[in-house]
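Visitor: First, the structure itself, so that you have it in front of you.
Read-outs: derived from the displayed coordinates by stated rules, not from any lab. Owing to the predicted nature of the structure, the values given are computational and were not obtained by experimental measurement. Methodologically, a virtual Cβ is constructed for each residue, glycine included, from the backbone with ideal geometry; neighbour enumeration extends over all protein chains shown.
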Amino acid sequence: MDLSFSAEDRAFQDEVRGWLADNLPAHISDAVRSGGELTKPMMEEWHALLNSRGWLAVTWPVEFGGPGWTPVQKHIFEEECCRAYAPRIVPFGLNMLGPVLIKFGTRAQQEYYLPRILDGTDWWCQGYSEPGAGSDLASLKTRAVRDGDEYVINGQKTWTTLGQHANKIFCLVRTDPDVKQQEGISFVLVDLDTPGIEMRPIRLIEGGHEVNEVFFTDVRVPVANLVGEENKGWTIAKYLLTHERTGIAGVGFSMQALEEVKALARKVRRGSGRLIDEPLFAARIAQAEIDLEAMKITNLRMLFKAQEQGAPGPETSILKIKGTVIHQELKDLARRALGPAAAPFPGHVSDGNMMFGPEDTAHNAARYFNNRKTSIFGGSNEIQRNILTKTMLEL
Amino acid sequence: MDFNLTDDRRMLADTLARYLADKYTIEHRNEVAYEMPCHDPAKWDELADLGALYALAPEDAGGFGGTGFDISVVFEALGRALCPEPVLAALLSSRLLGAAGADQEALLTGGTKYAAALSELDAPYDIAGISCAAEARGDGHVLSGRKTAVYGAQVADVLLVAARLDGKVALFEVQAGDAQVVGYAMIDGGGAAEVLLDDTSARLLIADAAAAIEAALNAGIVALCAEAVGAMEVAHDTTLDYLRQRKQFGVPIGKFQVLQHRAVDMLTEIEQSRSITIKAAAELDGPQATRFAAMAKNMIGRAARLVAEEAIQMHGGIAMTWEYPVSHYAKRLVMLDHQLGDTDYHLAKVMAGNAAA
């Protein structure tokens, strides 16, 4: 038993921390810290900086331009990025499609698409969910019918995150409706400029534009854009889900949220004292902190196992469930800490903080509402329980 | 980073697990745990021979372990078997004797049983509230007052008593025969005693013992947390077996999603409990020992109660019976929270740390 990082990993940590201190632009970290939405140029600027250091495609092997990090190094990098208020890497090209092409793509697909992901030429988005296929993803109905060298796609995708910035979308489509659901799905790459595609914004609960719905009407896509074999898309979808799991606990983001809510509770006055001295509020902070402290070790235990066994196991679903619940609780506390000052709609008070002293709190209520998504997306927490039931409990 | 046990600890864990599974069956345990002396003296000796006590003390005190991880290994095995032997009393006493620089060979062999008399009715967890009074008399001291829920004291030869001397909390050694010791079985098995002191002669070990007692309690908390993790895993595994076997409405009840998800939630809390126990064990000899022990005991208190109550509920009536082992695991898991500080007490400690920071 040894909870500390090796000397090598600690040196790596220092290197990452130093690089972030020198290279993360203040206007970007300020935007992350304030909790508002990041602009596309900010995300592109950050990606380009990471790419120049070779640290952008953290999940890719060295031969494709990744840094070749161990799971522990990836973890350290993520934690340090959170600590420094760096933006989350937009995952769709880098952490989702990239690993899929590396595993299932043809040489030509790899050579064409991977460099474009790295240099920002392509911004990918994800075409998985449909209005009728959420948790039951395999029931998806968007149809791709082969016509010569092309597929003709008709249907609708939804919850397409940051699709408004994208020029490409990877989609799960039904290529065979007459077999078992999972056996008639294919994975295709689609250019969003293709005629017949319409993207519409979905306004979210807090008012923000983060996700979209995408309509496909007789959209013609070259068969060369198929990834892997026709009707084997479900295997790819499942592989991709395991990659979505890296950093799924969001420990770094929760640590950030905990420090923020503690700092806030020390600043906020309630009568003659501070909010942190109110026992009921302080108890909720302490309880969340204890849960997070355990989560940190649970996360390290699973990292250690992934490192020993070469891949994360099904028990990472525990990280998704617990990690999202803890983060949501902290966001709830950050909202409640403000009392009535949490009320203004972000942007409706000209000075974001004129209602209230502490900086960077204008978005607390909005972030709370927005973060209700985390226990729903990426396989809802109920789906995670189903996975654990099958894999860990054998019921 | 390495979450594997060292070979030595793995061997100790296996040895204890095998011995307890063979010799300390739940049936035997239930025979001895609820009647005085609330343990099995022959098995106490055998456990000592296997090194269960030596593992609790560092080498400079005559043992071969003494770290948080050594303690965890021993108590997780005890927890899995629901073992009622007074090992917690030995651990607390070993730490206190170590702080006093006193010889503990007799404790580690199992030949002399010690118990740590710390709690009082009006100060069950917080040693700052101790009122048991000490005063100098002749060459030594005398103590007066009442110590409550002294674990293992029903069979102890020697008591290590916390009492107030010149405004400070001091630690004394009292021969059990010199005090009035009222032993009893606990509702979750194992024994304790009320210790009544009335001008009872005592030998001063540490004049200002607050730090030594806090350190001993932190070790005891790691032990209880590890014991709970062991017991929770057994309760959970037993529940899963039952969910697979028990049929209602024509199917195993484990096919019902409402039960599946609750069984997953038990698993999640047990994994979190194991994690926080590892953390507290790792920090036991460091400057933050008290904070992490408090975090661990708070989480364990919550998780153990959840696992106990859910194990009973998901079994249904059978787990309400004395005969079915889960009922005894459930009692232990719930009553652990009453030892060395409950969830609220330790939450308040974490809160105080946050307010001061």
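Visitor: On a 0 to 90 degree scale, rounded to 10, what angle separates helix B:257-282 from the longest Cα axis of chain B?
Guide: It works out to around 30 degrees.
Visitor: OK, next. Around residue B:199, what is the net charge, scoring Lys/Arg as +1 and Asp/Glu as -1 over all other residues with Cβ under 13 Å from its Cβ?
Guide: Values: positive: B:137; negative: B:135, B:178, B:198.
My count for the surroundings of residue B:199 gives -2.
Visitor: By the scheme Lys and Arg +1, Asp and Glu -1, what is the net charge of all other residues having a beta-carbon under 12 Å from that of residue A:274?
Guide: Working: positive: A:262, A:266, A:267, A:269, A:270; negative: A:277, A:278.
Surrounding charge for residue A:274 is +3.
Visitor: If you don't mind, there's one more thing I want to ask. Under unit Cβ charges (Lys, Arg +1; Asp, Glu -1), what dipole magnitude, rounded to 20 debye, does chain A have relative to its Cα centre? Before the final figure, lay out each step's value.
Guide: On the way: 44 positive and 51 negative charges, 209 e Å.
That gives a dipole near 1000 debye.
Visitor: Checking a compactness column here: for chain B, what do you get for Rg(Cα) / (2.2 N^0.38 Å), N being the number of residues?
Guide: Normalised Rg, Cα atoms only: 0.99.
Visitor: What number, in percent, do you get for the relative contact order of chain B if the mean sequence gap of Cα pairs under 8 Å and at least 6 apart is divided by its residue count? If you can, show how the numbers build up before the last one.
Guide: Working: 680 pairs, mean separation 57.0, N = 357.
The normalised contact order for chain B reaches 16 percent.
Visitor: Assigning unit charges at the beta carbon (Lys, Arg +1; Asp, Glu -1) and nothing else, what dipole magnitude in debye, to the nearest 20, does the range A:245-393 show about its Cα centre? Walk me through the numbers before you get to the answer.
Guide: Values: 21 positive and 15 negative charges, 53 e Å.
It works out to roughly 260 debye.
Visitor: Going Cα to Cα from residue A:103, which lysines come in below 25 Å? Please leave out same-chain ones fewer than 8 positions away.
Guide: A:74, A:157, A:168, A:180, A:232, A:238, A:305, A:320
Visitor: Using Cα positions and a limit of under 27 Å, work out the lysines in reach of residue B:349, with same-chain residues fewer than 8 apart set aside.
Guide: Cα-Cα hits under 27 Å: A:262, A:267, A:296, A:322, A:331, B:147, B:168, B:279, B:297, B:331.
Visitor: Calculate one ³J(HN,Hα) per residue across the range B:124-141 by plugging θ = phi - 60° into the Karplus curve 6.51 cos²θ - 1.76 cosθ + 1.60, and present them in order as whole Hz with x for glycine and proline.
Guide: With coefficients 6.51, -1.76 and 1.60, one gets x, 10, 9, 5, 5, x, 5, 10, 3, 9, 10, 9, 5, 8, x, 7, x, 9 Hz.
Visitor: Over the range B:114-209, what is the relative contact order in percent, taking alpha-carbon pairs closer than 8 angstrom and at least six residues apart? Let's see the in-between values first.
Guide: Details: 251 pairs, mean separation 30.5, N = 96.
Here the relative contact order equals 32 percent.
Visitor: Put +1 on the Cβ of each Lys and Arg and -1 on the Cβ of each Asp and Glu in chain B; which of B:129, B:240, B:330 then has its Cα farthest toward the positive end of the dipole?
Guide: With unit charges placed on the Cβ atoms, the residue in question is B:240.
Visitor: On to the next question. If each of residue A:110 and residue B:258 carries a label point 7 Å out from its Cα toward its Cβ, how far apart are those two points in nm?
Guide: 5.2 nm
Visitor: Write down the radius of gyration of chain A and its Dmax, each obtained from C-alpha positions, in Å.
Guide: Values for chain A (Cα only, Rg and Dmax): 21.9, 77 Å.
Visitor: For a quick check, take a GNM of chain B with Cα springs below 10 Å and name the residue from B:253, B:127, B:213 with the largest mean-square fluctuation.
Guide: Answer for the Gaussian network model of chain B: B:253.
Visitor: Additional query: Apply the Kirkwood formula to the range A:292-338: the hydrodynamic radius equals the inverse of the mean of 1/r over all pairs of different alpha-carbon atoms; give it in Å with one decimal. Walk me through the numbers on the way to the answer.
Guide: On the way: mean 1/r = 0.0850 Å⁻¹.
Roughly 11.8 Å, rounded to one decimal.
Visitor: Also: Going by a ≥ b ≥ c, the root eigenvalues of the Cα gyration tensor, does the range A:124-231 fall in the rounded group (a/c under 1.5), the prolate group (a/b larger than b/c) or the oblate group?
Guide: Numbers: a/c = 2.21, a/b = 1.42, b/c = 1.56.
Taking the square roots of the gyration eigenvalues as a ≥ b ≥ c, the range A:124-231 is oblate.
Visitor: Could you order the peptides A:272-285, B:162-175, A:211-224 from most to least packed, using the average number of other C-beta atoms within 10 Å per residue?
Guide: Numbers: A:272-285: 16.2, B:162-175: 20.5, A:211-224: 17.9.
Ranking the peptides A:272-285, B:162-175, A:211-224 by packing returns B:162-175, A:211-224, A:272-285.
Visitor: Set Lys and Arg Cβ to +1 and Asp and Glu Cβ to -1, take the dipole of the range A:7-89 about its Cα centre, and tell me which of A:72, A:27, A:58 lies farthest positive.
Guide: Working it through, the farthest residue towards the positive pole turns out to be A:27.
Visitor: Okay, moving on. Over the range A:7-89, with a single point scatterer placed on each C-alpha, what log10 of the ratio I(q)/I(0) does the Debye formula yield at q = 0.14, 0.16, 0.23, 0.24 1/Å?
Guide: -0.46, -0.60, -1.17, -1.24
Visitor: Once R0 is set to 56 Å, what does the formula 1/(1 + (r/R0)^6) return for the Cβ-Cβ distance between residue A:22 and residue B:148, expressed as a FRET efficiency to the nearest 0.05? Present the calculation step by step, with values, prior to reporting the outcome.
Guide: Working: r = 60 Å, r/R0 = 1.07.
With a Förster radius of 56 Å, E is 0.40.
Visitor: Turning to a different aspect of this structure: Modelling each spin label as a point 7 Å along the Cα-to-Cβ direction, I'd like the residue A:224/residue B:237 distance in nm, to one decimal.
Guide: Label at residue A:224, label at residue B:237, 5.8 nm between them.
Visitor: Dipole size in debye (nearest 20) for the range B:269-308 around its Cα centre, Lys and Arg Cβ +1, Asp and Glu Cβ -1? Could you put the intermediate results ahead of the total?
Guide: Values: 6 positive and 4 negative charges, 32 e Å.
For this selection, approximately 160 debye.
Visitor: Here's a follow-up. Per residue of B:275-283, count partner chain C-beta atoms within 10 Å of its C-beta, then hand back the mean as an integer. Don't skip to the answer; put the middle values down first.
Guide: Working: counts 11, 8, 2, 7, 6, 3, 2, 5, 1.
The mean count of partner-chain Cβ atoms within 10 Å per residue comes to 5.
Visitor: Need the full-extension length gain, residue B:136 to residue B:313, defined as separation in residues times 0.36 nm minus the C-alpha distance. One decimal, nm. Provide the component values of the computation, followed by the final result.
Guide: On the way: separation 177, 0.36 × 177 = 63.72 nm, distance 5.50 nm.
Contour length minus Cα-Cα distance gives 58.2 nm.
Visitor: Continuing with the same structure: Tilt of helix A:7-23 relative to the longest C-alpha principal axis of chain A, in degrees (0 to 90, nearest 10)?
Guide: Its long axis makes an angle of about 90 degrees.
Visitor: When averaged across all projection directions, what area in nm² does the alpha-carbon convex hull of the protein assembly as shown cover?
Guide: Numbers: hull surface 145.2 nm².
Dividing the Cα hull surface by four gives the mean projection, 36.3 nm².
Visitor: When a/c is below 1.5 the answer is rounded, else prolate if a/b is larger than b/c, else oblate, so apply that to the range A:40-82 with a ≥ b ≥ c taken from the square roots of the Cα gyration tensor eigenvalues. The partial results should precede the final answer.
Guide: On the way: a/c = 2.84, a/b = 1.31, b/c = 2.17.
Because a/c hits 1.5 or more and a/b fails to exceed b/c, the range A:40-82 counts as oblate.
Visitor: GNM, chain B, Cα, under 10 Å: largest mean-square fluctuation among B:64, B:256, B:292?
Guide: With Cα springs under 10 Å in chain B, the top fluctuation among B:64, B:256, B:292 is at B:256.
Visitor: OK, next. If each residue of separation counts as 0.36 nm, what is the full-extension length gain between residue B:18 and residue B:352 once their alpha-carbon separation is subtracted?
Guide: On the way: separation 334, 0.36 × 334 = 120.24 nm, distance 4.26 nm.
Additional length available on full extension: 116.0 nm.
Visitor: Right, next: Got the relative contact order for the range B:7-108 handy, in percent, Cα pairs under 8 Å and 6 or more residues apart? Could you put the intermediate results ahead of the total?
Guide: Numbers: 100 pairs, mean separation 31.9, N = 102.
Computed over the range B:7-108, the figure is 31 percent.
Visitor: Moving to a separate point now. Grab the beta carbon distance between residue A:217 and residue A:139, set R0 = 22 Å, and tell me the FRET efficiency rounded to 0.05. Please report the intermediate quantities before stating the final value.
Guide: Working: r = 21 Å, r/R0 = 0.96.
The formula returns an efficiency of 0.55 here.
Visitor: Rounded if a/c is under 1.5, else prolate if a/b is larger than b/c, else oblate: which is the range B:7-108, with a ≥ b ≥ c the root eigenvalues of its Cα gyration tensor? If you can, show how the numbers build up before the last one.
Guide: Details: a/c = 2.27, a/b = 1.42, b/c = 1.60.
Oblate shape, in that a/c is at least 1.5 and b/c is the bigger or equal ratio.
Visitor: Under 15 Å from the 7 Å Cα→Cβ point of residue A:42, by amide nitrogen: which residues of the range A:76-94?
Guide: A:82, A:84-90, by backbone N distance to the label point.
Visitor: Tell me the angle of helix B:87-100 to the major Cα principal axis of chain B, expressed in degrees between 0 and 90 and rounded to the nearest ten.
Guide: The angle comes out at about 30 degrees.
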